[in-house]
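Heads up: the structure comes next, in structure tokens.
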Amino acid sequence: MMQRRPVCAIEDLPPGSMKLVQAGKFGVGVYNIEGAVYAIANYCSHEGAPLCAGYVVGTNEYAPEMPDQLRRVREGRIARCPWHNWEFDITTGVNLADPQKRVRTYEVDVSDGQVYLTA
Amino acid sequence: MIIDANVQPHFRYNAEIRKFLGPAHKLRSIPDVEQQWYQAPGGDYRQDLYGNGYPGSDPDTVASHLFTDGGASHAILNPLTRGNIADYLLNSRICAAVNDWLLTRWLEPDDSGRFLGTIRVNPEDVKGAVAEIERLAGHPKMVQVGVPLQSREPYGKPMFEPIWETAAAHNLPVAVHINGGNGVDHAPTFAGHAYTYPGYAAFMPLNSFVHLATLIIEGTFGRIPGLRFVFADGGYDILTPLIWRLDTFWMSMRDQTPWVDRYPSEYLRDHVRFCSSAFDGPTDAALAERWLDFSDKADLLMYGSGYPHWSTSAPDDVTAGLNAEQREKVLWRNASDLYSVTEGSLT
């Protein structure tokens with residue numbers, strides 16, 4: 001049964017941080033990315049690893065004009081699974097290699113300085 | 001209909017190549033076509049074909065074996081050269097001599113249009129290889145470019161790319177085949193030297209997969225959409241587990257090579273074909289149909305007899321256990337699509 005539940009005050013979830021909430025079967029990670037809040041299941045779609053325990057990083061795009069042919073993009077938006085390094089965009093839950101392999105996202109909102117998760 | 005996508009025509013005798021070399025190279029030492037090590041016990045070629053000249057050296061005899069007896073309508077001739085000679089400029093002249101011989105002795109006298117040819121080039125001389133493709137790509141009977149399986153760098157490395165670009169620009173697939181001769185090569189396996197011929201012959205096609213992996217991962221196929229590689233020594237049966245592994249690693253480390261914008265296995269259909277070999281496939285033919293379905297290999301495999309190699313394989317042996325659709329693709333449809341050959345098309 002989905003319910004809207006308080007997570008914490010927004011001051012306690014500054015940009016670049018994550019709070020793991022006991023919700024659902026595996027927990028839900030609530031992220032503040034540059035002032036906007038997002039939530040994904042703490043469960044990698046590959047083999048069920050605790051996804052939110054991994055690094056939050058950017059990713060590389062193909063940039064043929066660069067000396068290393070790489071451009072760093074989406075800094076702070078990518079969750080990397082701690083087991084096998086799969087990349088997920090936290091804002092959409094979509095896997096960067098294979099868009100069919102998603103992780104679940106949840107609704108989050110901020111009201112009167114309080115972060116709420118619907119999970 | 002049957003297209004034989006892998007036939008090795010031979011000179012009548014090793015020194016015959018000198019007739020096709022310019023005066024500057026006529027007196028250079030050139031290895032024979034037989035490899036120094038790892039020859040098959042009893043010789044690399046079918047015992048019954050020795051006689052007047054080397055096996056596979058007389059066009060009329062070859063035509064009678066492949067077309068009259070074997071039922072093929074076309075044969076793609078892919079001659080051997082003499083190995084990765086340290087003098088890479090000499091090696092390019094050897095390739096050109098082989099090409100001139102193929103045209104003079106095999107392709108031009110053949111009014112039936114059933115023999116098609118390969119432009120042999122030396123990847124260790126990139127400029128020379130590009131020039132050789134440019135010299136002969138316009139010939140209507142030259143349908144692919146040929147390079148050795150033996151290489152001291154994998155073919156996905158950037159120094160080779162001008163060769164592949166040129167081949168693709170002329171719509172010519174690149175066939176990779178174990179070469180003859182004796183060159184300055186690495187050990188035949190990654191771990192070193194095989195003990196006897198079976199260890200060599202069974203596992204040599206593994207080298208194809210190093211070329212293949214680098215062509216995918218280093219982005220060659222992505223940058224050259226029209227580039228197609230044919231791995232002519234077989235090994236299609238070990239493709240599936242190896243490409244599974246590559247797919248798995250790509251999921252984890254995609255960000256290191258973001259130019260690979262799809263699963264590595266998704267490049268196969270557009271860019272890769274295999275010729276059959278006598279060593280390929282499950283030892284139990286009852287498993288062949290299912291195994292060919294993994295990785296959609298029925299779309300990748302072309303019948304190649306390997307004639308006149310001792311392991312020459314007949315169409316029925318190659319397709320044992322396959323269903324009718326798979327059989328049709330393997331025996332002619334895949335080769336017909338790749339080489340734009342249809343019955344009577346080049347007569």
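The number of residues in the range B:319-340 that are out of contact with any Leu (no Cβ under 8 Å at 6 or more places or on another chain), open to solvent by less than 30 Å² (accessible area, probe 1.4 Å) and among the hydrophobic types (A, V, I, L, M, F, W, C) comes to 3. Can you tell me which of (1) over 20 Å from A:Q100 (Cβ atoms); (2) not in a loop (DSSP other than H, G, I, E, B) is the one A:R77 doesn't meet? Exception for A:R77: condition (1).
Scan the range B:38-51 for residues that are in contact (Cβ under 8 Å) with a residue 12 or more places away in the chain and either surrounded by fewer than 16 Cβ atoms within 10 Å (Cβ to Cβ) or outside any loop (DSSP other than H, G, I, E, B) (or both) and the total you get is 8. Evaluating A:Y116 against the criteria (1) within 11 Å of chain B (Cβ to nearest Cβ); (2) open to solvent by 20 Å² or more (accessible area, probe 1.4 Å); (3) in contact with an Asp or Glu (Cβ under 6 Å, 6 or more places away or on another chain) leaves one unmet condition, (1).
Among residues that are open to solvent by 10 Å² or more (accessible area, probe 1.4 Å) and either in contact (Cβ under 8 Å) with a residue 24 or more places away in the chain or of a type in the set (F, W, Y) (or both), A:L20 is included.
Looking only at the range A:85-113, filter to residues that are assigned to a loop (DSSP other than H, G, I, E, B), within 13 Å of A:C52 (Cα to Cα) and within 12 Å of chain B (Cβ to nearest Cβ); which one of those is most open to solvent (accessible area, probe 1.4 Å)?
In this case the residue turns out to be A:N85.
Please go through the range B:251-282 and give me each residue that is among the hydrophobic types (A, V, I, L, M, F, W, C), more than 10 Å from every other protein chain (Cβ to nearest Cβ) and either buried (at least 22 other Cβ atoms within 10 Å of the Cβ) or not in a loop (DSSP other than H, G, I, E, B) (or both), ordered by number. Listed by number, the residues that qualify are B:L268, B:V272, B:F274, B:C275.
Residues that are outside any helix (DSSP H, G or I) and buried (at least 22 other Cβ atoms within 10 Å of the Cβ) are absent from the range B:209-219 altogether.
Residues that are within 17 Å of the chain's Cα centre (by Cα) and either at the interface with chain B (Cβ under 10 Å from one of its Cβ atoms) or open to solvent by 30 Å² or more (accessible area, probe 1.4 Å) (or both) within the range A:61-80 comprise A:V73, A:R74, A:E75, A:R77, A:I78, A:R80, listed in sequence order. For A:Q3, state whether it is open to solvent by 30 Å² or more (accessible area, probe 1.4 Å) and without any contact (Cβ under 8 Å) to a residue 12 or more places away in the chain. It is false that A:Q3 is open to solvent by 30 Å² or more (accessible area, probe 1.4 Å) and without any contact (Cβ under 8 Å) to a residue 12 or more places away in the chain. Each residue in the range A:18-60 was checked for being farther than 16 Å from A:Q114 by Cβ, under 13 Å from the mean Cα position of the chain (by Cα) and away from chain B (no Cβ under 13 Å), and 18 of them qualify. For B:T118, the conditions (1) surrounded by fewer than 22 Cβ atoms within 10 Å (Cβ to Cβ); (2) among the hydroxyl-bearing types (S, T, Y); (3) over 21 Å from B:D185 (Cα atoms) are fulfilled apart from (1).
Beta carbons closer than 6 Å, at least 6 apart along the sequence or on distinct chains, pair a first residue in the range B:179-200 that is buried (at least 18 other Cβ atoms within 10 Å of the Cβ) with a second that is part of a strand (DSSP E or B) for B:N179/B:P148.
The values are calculated or read from the model by the stated rules, or taken from the named source; none is laboratory data. Note that this is a predicted model, so its numbers are computed, not measured. We place every Cβ from the backbone using ideal geometry, glycine too, and count neighbours over all the protein chains shown. When the accessible area is computed, the model is the full protein with side chains, heavy atoms only, and any ligands, DNA or RNA have been set aside. Shrake-Rupley method; radii C 1.70, N 1.55, O 1.52, S 1.80 Å.
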